[in-house]
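Peer 1: One structure is given below, represented as structure tokens, and several questions about it will come after.
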Amino acid sequence: MTMIAYGVAFWLFLAGMYGLCTTRNYLHATACLNVVQSATYVLLLGVGYRAGARAPVFKGVPHDAPAVDPVEQALTLTDIVVGAAVTALILSLAVQAAKRKGSIDPREFRPLQG
Amino acid sequence: MDAATLVPIPLLVGVLASAIVLGGSRWLPRLAIDLVAIAAAVISLAACALLVAASREHAIVYWAGGWQPRGGVAIGISFYVDPTGALLATLACALITGALVYSARYFEAFEGRYHATMLLFLVGLVGFSLTLDLFNLLVWFELIGVVAYALTGYHRADASAVQGGINFAVTNSVGSFVSLLGLALLYGHTGALNLAQIGAVVARPGGDTLEAVAVVFVCTGLLVKAAIVPFHFWLADAHAVAPTAASIVFSGVMAELGLFGVARVYWSAFASSNVGPALSNVLIGLAVLTVLIGALMCFAQQHLKRMLAFSTISHGGLMLVGIALFEPRALAGALVYMAGYGLAAAALFGCVGILLHRFGSVNEARLHASAGTMLGVFVVFVLAVLALAGAPPFGTFYGRDLIAKSLHESGLTWVDHVLTFGTILTAGAVLRAGLRIFLGWGPAPRVPEPGQRGDVIGPETQPPHGRIPVVLWAPAAAFVIGAAAVGGAMQVWQPEVVEQAAAFAQPARYAHDVLGAAVAVPASVVPELPGGTSPTWLLDLCGAIALALLAIFAAVRIPAVGRVLRAIHAGDVSHYITWLFVGVAAMTAIVVGLGS
């Protein structure tokens, strides 16, 4: 089961990176960034998963019952929040770019030369 | 007062002050907002300075929420304050204070949002320097990142500023994702997030390949932040468009903290594994490339801010050489160099900002012979260039000296020659610009079309009238005096600095202090400091002066190599990410290959 999770994480990472390396659109780039981030979520959750274990809630359950690792879940939630903030920021910058330049194609912007 | 209670003060004061500034900006006048922000930064500076003094004897360990380790297993988030981390935190606070003073009154700030952003920047920088939990480190890293993206894209009306901000954001975000992957692998392997705990587990035999991959991934995000080749493209773009006060902090401490993070992660978690030699070789290779590419690109620039950005990239490579030797003396040299170079770069950005304020341009050709009356600024400029060239009494001299000695002992003298080459090129380029702009030497170079290469990018401050405002020149002067003060401090405290670096590089100490493990901490082995200082600095300085004069009067330029490099650096964000991907893949393959 975990091998599937690792495989999915690997695939998501590669797919997102390919999208970023060939992007022609800032919105597409933001979406690819989220795909790459999803790879980290899947890997984190896959690392923490225990086959046949329950959720880490122990009310009314013996304390030595097998449970999945809650730390990974906490890390993933934190990353989701950070990802949301970064996505919002990049999108607002892309909106500004569209306003000023009328385009969100990275190639339309003159390379920042010195 | 227990020293441990000082630890959360910079973090809390920064967040509280940013809330006050944001919430009260509607009613408070600009002066009040400036003062609140500066006061918060000064309080944080005092707290960090006190922490430096308090941690000299014994490092301070602070557990967030009081979650002490149980049975030698760390569950909570720990902050580990030793003089090294606290010194960098102090540097961060000093630079933010200077930057806030620099942008006081004249800088167009929207309703306190700028000040709040800078204060959160301070919080992130201090937190990053003091933490010993790997995930906490990455969270502070993200905070620094998000705030920096916002600051870079600050001038929203300028399309290139927005473009620079997006390039910065996408590149650094991908870097942090790769680091997170490394963290996930490490957690799966060791079951720990605390760096000391990871170190304790990694010391056991087995799992070499996984550890090698994990350390490369974790270091990737940090190296992206430090702008090491091939992850460096974003820094030049960001510096070109960010407000000057933000550039002061980016070049002054943010890039340096990325390298500090690499040192911290390696020494606390991986020093007892087998990944050291392979990682050292790869990092030194990347550092040499960085020095060369940064120096060549720096020399080819007319845009003053981009020139300084490439100088930061090149000197960052120098600092990485010091760290990547994985040896206490070189580490001490790198840390001192960080402080010395950071302050010098901040002073240079301050001077460029004054030029921008007065003339509305940062193009070397456009500004030719314009600043003849600003001789005070020229003095500060020249002193900062001396610091760049590694001349005494600046901190960079002592740092470079320590690194050079360590290189000679490791048999890597050729790397020292590369560092000399890089220093000569960068200091020469900046000196060339200064001589042209302030003294008007040499024939006027061809002015580019308006809007190109930093020309007429528009002032970021209210229109100037007459004299240069105090808030602009005072921080620049203070920074360059600070760079000299670092050197002066090294004159007195060099043995102790090397000792603290040796203690930093002692994995057993982390296990003992943080986990309470009954590990005998061996006395730090401080290598003998050979007496006398090498005259490399004289060569660097004379080389830089000669190069600057040649460039001005004999129109020395860099041939085809320069064209190829410029073409590579003229891409968009998709090219940057491609280089990042190739870089990570190559690093991983080489480290794993060399290690097996």
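The values are calculated or read from the model by the stated rules, or taken from the named source; none is laboratory data. Small disclaimer: the values here were computed from a predicted structure and weren't measured. Glycine gets a Cβ as well: all are built from the backbone with ideal geometry, and neighbour counts include every protein chain shown.
Peer 1: Regarding region B:576-586, can at least one residue be identified that is modelled with pLDDT under 85, loosely packed, with under 14 Cβ neighbours inside 10 Å and either of a type in the set (A, V, I, L, M, F, W, C) or not in a loop (DSSP other than H, G, I, E, B) (or both)?
Peer 2: Within region B:576-586, not a single residue is modelled with pLDDT under 85, loosely packed, with under 14 Cβ neighbours inside 10 Å and either of a type in the set (A, V, I, L, M, F, W, C) or not in a loop (DSSP other than H, G, I, E, B) (or both).
Peer 1: Okay, next question. Do we find a residue being modelled with pLDDT of 90 or more and touching a strand residue (DSSP E or B) at 6+ places or on another chain (Cβ under 9 Å) anywhere in region B:244-263?
Peer 2: yes
Peer 1: Restricting to region B:133-149, and then to whatever is more than 7 Å from every other protein chain (Cβ to nearest Cβ), assigned to a helix (DSSP H, G or I) and touching a residue at least 40 places away in the same chain (Cβ under 8 Å), can you tell me which residue is nearest to residue A:11 (Cα to Cα)?
Peer 2: Here the residue is B:138.
Peer 1: Sticking with this one: State whether one or more residues within region B:111-131 are facing chain A (nearest Cβ under 7 Å), under 30 Å from residue B:36 (Cα atoms) and either under 19 Å from the mean Cα position of the chain (by Cα) or without any contact (Cβ under 8 Å) to a residue 24 or more places away in the chain (or both).
Peer 2: No, region B:111-131 contains no residue that is facing chain A (nearest Cβ under 7 Å), under 30 Å from residue B:36 (Cα atoms) and either under 19 Å from the mean Cα position of the chain (by Cα) or without any contact (Cβ under 8 Å) to a residue 24 or more places away in the chain (or both).
Peer 1: Given the options A:52, A:46, name the one that is over 19 Å from residue A:29 (Cα atoms), of a type outside the set (S, T, N, Q) and touching a residue at least 40 places away in the same chain (Cβ under 8 Å).
Peer 2: When all the criteria are applied, what remains is A:46.
Peer 1: Tell me which residues, restricted to region B:9-43, are part of a helix (DSSP H, G or I) and polar (S, T, N, Q).
Peer 2: B:18
Peer 1: Kindly establish whether residue A:12 is surrounded by 14 or more Cβ atoms within 10 Å (Cβ to Cβ), more than 9 Å from chain B (Cβ to nearest Cβ), of a type in the set (A, V, I, L, M, F, W, C) and closer than 21 Å to residue A:75 by Cα.
Peer 2: yes
Peer 1: Same structure, new question: Of all residues in region B:306-321, which are closer than 20 Å to residue B:241 by Cβ and either under 12 Å from the mean Cα position of the chain (by Cα) or facing another protein chain (nearest Cβ under 8 Å) (or both)?
Peer 2: Result: B:306, B:307, B:309, B:311, B:312, B:313, B:316.
Peer 1: What number goes with the only condition from (1) farther than 27 Å from residue B:113 by Cα; (2) out of contact with any Ser or Thr (no Cβ under 8 Å at 6 or more places or on another chain); (3) assigned to a helix (DSSP H, G or I); (4) not acidic (Asp, Glu) that residue B:86 does not pass?
Peer 2: Of everything listed in (1) farther than 27 Å from residue B:113 by Cα; (2) out of contact with any Ser or Thr (no Cβ under 8 Å at 6 or more places or on another chain); (3) assigned to a helix (DSSP H, G or I); (4) not acidic (Asp, Glu), residue B:86 misses just condition (2).
Peer 1: Also: Could you say which residue among B:188, B:199, B:206 is within 30 Å of residue A:18 (Cβ to Cβ) and of a type outside the set (S, T, N, Q)?
Peer 2: Residue meeting the stated conditions: B:188.
Peer 1: Right, something else. Go through region A:98-114 and give me each residue that's touching an Asp or Glu at 6+ places or on another chain (Cβ under 9 Å) and facing chain B (nearest Cβ under 7 Å).
Peer 2: Answer for region A:98-114, where residues must be touching an Asp or Glu at 6+ places or on another chain (Cβ under 9 Å) and facing chain B (nearest Cβ under 7 Å): A:100, A:101, A:106, A:107, A:109, A:111, A:112.
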